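Undergrad: Take a look at the following structure, please.
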Amino acid sequence: QVQLVESGGGLVQPGGSLRLSCVVSGIRFSIYTMGWYRQAPGKQRELVAAITSGGSTHYTDSVKGRFTVSRDNAKNTIELQMNSLKPEDTAVYYCNAVRSADSRISYWGQGTQVTVSS
């Protein structure tokens, strides 16, 4: 079975930092594009950051310069380093995996809550 397990969410003050992790099992991790999505109340789920099998990264404009996505193929893990957090970053953050050669094959984690508040 395939599992994606997120960790690292929590409550942080504006301007603070958090690091999210996602550990993946049950797939050949190195051939998947990995991504972080988020969904806030009343909003659609949006792609925050992605990293391809080859290590290329993508960020939504609102987090550029503040967030960094990385992957460790030896540990089947991706991370999202979040700095200079703002209240509008508050959301449930989800880990996603999609097979690079066949996007019909994808998997989701359960999500982890990030709350930015003073």
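Undergrad: To the nearest 0.05, what FRET efficiency results for Ile31 and Val5 with a Förster distance of 25 Å applied to their C-beta separation?
TA: 0.80
Undergrad: Give me the accessible area of Ile27, 1.4 Å probe, in Å² rounded to the nearest 10.
TA: Rounded to the nearest 10, the figure is 30 Å².
Undergrad: Let's see if you can work this out: charge +1 on each Lys and Arg Cβ, -1 on each Asp and Glu Cβ, no other charges. What is the dipole magnitude of the chain about its Cα centre, in debye to the nearest 20? All intermediate terms of the calculation are to be shown ahead of the outcome.
TA: Working: 12 positive and 8 negative charges, 26 e Å.
Value, rounded to 20: 120 debye.
Undergrad: Continuing with this model, one more query. Compute the relative contact order of the range 38-118 as a whole-number percentage, counting only Cα pairs closer than 8 Å that sit 6 or more residues apart in sequence.
TA: Values: 110 pairs, mean separation 19.3, N = 81.
Reported relative contact order: 24 percent.
Undergrad: At 1.4 Å probe size, with the rest of the protein present, what percent of the exposed accessible area of the chain is carbon and sulfur atoms?
TA: Details: 2910 of 6430 Å².
Ligands and nucleic acids excluded, carbon and sulfur give 45 percent.
Undergrad: To continue, here is another question. Can you give me the accessible area per residue for the chain, using a 1.4 Å probe, in Å²?
TA: Values: 6430 Å² over 118 residues.
With all protein chains present, the chain gives 54 Å² per residue.
Undergrad: In addition: Using a Gaussian network model of the chain with C-alpha springs under 10 Å, which one of Gly54, Gly42, Gly26 is most mobile by mean-square fluctuation?
TA: For the chain, modelled as a Gaussian network with Cα springs under 10 Å, the answer is Gly42.
Undergrad: To the nearest µm²/s, what D does Stokes-Einstein give for the chain at 4 °C and 1.567 mPa s, using the Kirkwood radius over alpha carbon pairs as Rh?
TA: Working: Rh = 14.2 Å.
The calculation lands on 91 µm²/s.
Undergrad: Could I ask something else about it? Grab the Cα-Cα distance for Thr52 and Gln110, subtract it from 0.36 nm times how many residues apart they are, and report the gain in nm with one decimal.
TA: Full-extension gain reported as 18.8 nm.
The values are calculated or read from the model by the stated rules, or taken from the named source; none is laboratory data. Quantities reported herein were computed from a predicted structural model and do not represent experimental measurements. Backbone-built Cβ (ideal geometry, glycine too); neighbour counts: all protein chains shown. When the accessible area is computed, the model is the full protein with side chains, heavy atoms only, and any ligands, DNA or RNA have been set aside. Shrake-Rupley method; radii C 1.70, N 1.55, O 1.52, S 1.80 Å.
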